[in-house]
Amino acid sequence: VQLQASGGGLVQAGGSLRLSCAASRRTISNNAVGWFRQAPGKEREFVATISWNGGSTTYRDSVKGRFTISRDRSKDTVYLQMDGLKPEDTAVYYCAAGRGSFAGTDTASYLYWGQGTLVTVSS
């Protein structure tokens, strides 16, 4: 499986971006998919995850109410809608396909990783 993350960019605080994670070579329609982020000098951290059918989602506390994860199984694509962006959201965002239909918040639950897309939020 290859995962391609896209949609990052530079945005002012309070703005919005929508990240996409598209799969190729093999479908991820039966896998959970998660978004993680890594800021400079910091460890990679969990952002959000969605189950195989979209029926279950989990978010880190700091993005609840601002970020929304969703998926289109027919397009084998997962999205992360980010609204109300803050400077502390600045990071490289990675998508990852889980080992199964559901996945947790730890990186070990994920098997395939995309290359990352940079999100920069200016104050």
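Accessible area per residue, 1.4 Å probe, Å², for the chain: what's the number?
Result: 49 Å² per residue.
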Students often forget the sequence filter, so: which lysines lie under 26 Å Cα-Cα from Lys42 once same-chain residues fewer than 8 apart are removed? Lys64, Lys86
Taking the Cα centroid of the stretch 52-123 and of the stretch 7-25, what is the distance between the two, rounded to the nearest whole Å? 10 Å
Along Cα→Cβ, 7 Å out, is where each label goes; now give me the distance between the ones at Ala39 and Thr107 in nm to one decimal. 1.7 nm
Leaving out ligands, DNA and RNA, what percent of the accessible area of the stretch 2-87 is carbon and sulfur, probe 1.4 Å? 44 percent
How much solvent-accessible surface does Thr107 expose, in Å² to the nearest 10, with a 1.4 Å probe and all protein chains in place? 70 Å²
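The values are calculated or read from the model by the stated rules, or taken from the named source; none is laboratory data. The model shown is predicted, which means the values in this text are computed figures rather than measured ones. Reconstructed Cβ throughout: ideal geometry from the backbone, glycine too, with neighbour counts over all protein chains shown. Calculation scope for accessible area: heavy atoms of the full protein, side chains included, ligands and nucleic acids excluded. Shrake-Rupley method; radii C 1.70, N 1.55, O 1.52, S 1.80 Å.
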